[in-house]
There are 2 protein chains.
Amino acid sequence: MKIGIVGGTGDIGEGMAMRLAPLFNVIVGSREKEKAQASCECSMETLKKKGMQCTLTGVSNQTAIDDADVIILAIPFRHLSATLATLNGFENKIVVSPINPMEKRDFFVLVPPPEGSAALLVQQMLPKSARVCSAFNAIAANKWRALDEELAYSVPVCGDDAGAKQQVMEIVNHVSRLQAFDAGPLAVSAMVEALTPLLLNIARYNGMRDVGIQFK
Amino acid sequence: MKIGIVGGTGDIGEGMAMRLAPLFNVIVGSREKEKAQASCECSMETLKKKGMQCTLTGVSNQTAIDDADVIILAIPFRHLSATLATLNGFENKIVVSPINPMEKRDFFVLVPPPEGSAALLVQQMLPKSARVCSAFNAIAANKWRALDEELAYSVPVCGDDAGAKQQVMEIVNHVSRLQAFDAGPLAVSAMVEALTPLLLNIARYNGMRDVGIQFK
């Protein structure tokens, strides 16, 4: 299975690529292919120092989509619409949204689009055959990058395509100690996307860093 | 400190009363005083069998408000407005909302009122001097009642009055192994109220029961 990361050189995407590279065939996309290649060189060097020899391929976002079976949209909500408008080829692919539509005011707050959630907006913008799931919403960028730390978190996964959701949950369950939970259809993905601003506020008001979540 | 539970004979309220009774002076309110008294007799008997001698006083909802310093609104969202409309005397009191505005369709979904959340609706309906906090939103009724089980959960607490929030967090931290977290102002309480339908869906779709949450 090939996983393509759109926005794979960003805050979340780069750490995600390093965590996934030892487990899957990972293609890192960026607006500029050269930037993706440089990021991959750097990530491979980091992994090598930790004794993990693996290949990360840097390409354009469009090539990441074209060459992958599963596409992770590792882009901030504010760039989502503009980015998707420049890309195509999502037909029949599994598309994972870890995107949280939130704003930082005096505190973090969920500001969902009229579609109801970032994942629902993704579904609306992509062809009908794209199999959209939300996952990885509440894993902090720092935690993705901290390769020596275990990720002992619960990951709620939403989606309307049972097969796609099953595959995404299997990907989740392969990463460190992440544990996937079926959180229902995309219609309730806003409740999952709300976790991230909630956790950011909890970090802020309780003097914590990179707070995650476990279902018990 | 006296804690009054409005709706103290309901699903959540009764278990809450039994958990709080050994720790605080608890007054159990109900629409009918007789029902509250019967519930208290029964709860005290249950506690006695577990070696805990404590007093629970059954009164009307109005008396529970009048006699308490901290009032917990243990009522379902669908009865919230009608119940508050019949009650008064909330001036200067700490009022805790564990209420989640949700509906069960094919799955559970958050349906916040126009005010933004149940806690914000409470604040709007009560006198300005009432010190409203949200807390205890995601602790299942069965867990409140299972007195032999530890409650090892995280409890996000929202509120605009720092002193009231501090007192509510202290109450939370006294109960079993609950751990209170400041989740910010009431303005973000909808993100806390969204946890319960999220957890109910996770229980349902993953064959679990009474799922709770921990921040890590």
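Every number in this text was worked out from the coordinates using simple rules, so none of it is lab data. Remember, it's a predicted structure, so these values are computed and weren't measured experimentally. Note that we place each Cβ from the backbone using ideal geometry, even for glycine, and neighbour counts take in every protein chain shown.
Table for the structure above
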{"read-out": "Percent RCO, i.e. relative contact order, over chain A, from Cα pairs under 8 Å lying at least 6 residues apart", "value": "18"}
{"read-out": "Chain A: calculated mean residue ellipticity at 222 nm from DSSP helix runs of at least 4, using -39500 (n - 2.57)", "value": "-11500 deg cm²/dmol"}
{"read-out": "Fraction of alpha-carbon pairs over 32 Å apart in the protein assembly as shown - percent", "value": "41"}
{"read-out": "Student exercise, region B:1-74 dipole from Lys, Arg, Asp, Glu Cβ charges, in Debye to nearest 20", "value": "240"}
{"read-out": "Beta bridges per DSSP with both ends in chain B, % antiparallel, nearest 5", "value": "15"}
{"read-out": "Gaussian network model of chain B, springs between alpha carbon atoms under 10 Å - residue of B:53, B:123, B:166 with greatest fluctuation", "value": "B:53"}
{"read-out": "Gaussian network model of chain A, springs between alpha carbon atoms under 10 Å - residue of A:44, A:191, A:52 with greatest fluctuation", "value": "A:52"}
{"read-out": "Exceeding the 28 Å Cα-Cα cut-off - candidates B:33/B:143; A:165/B:104; A:104/B:165; A:33/B:216; B:35/B:143; A:50/A:104", "value": "A:33/B:216; A:50/A:104"}
{"read-out": "Within region B:23-45, backbone nitrogen closer than 16 Å to the virtual label 7 Å beyond the Cα of residue B:147 toward Cβ", "value": "B:23-28, B:38-45"}
{"read-out": "Rounded to 5, the percent of DSSP beta bridges in the protein assembly as shown classed as antiparallel", "value": "20"}
{"read-out": "Net charge dipole size for region A:146-216 [Lys, Arg +1 and Asp, Glu -1 on Cβ; Debye, nearest 20]", "value": "280"}
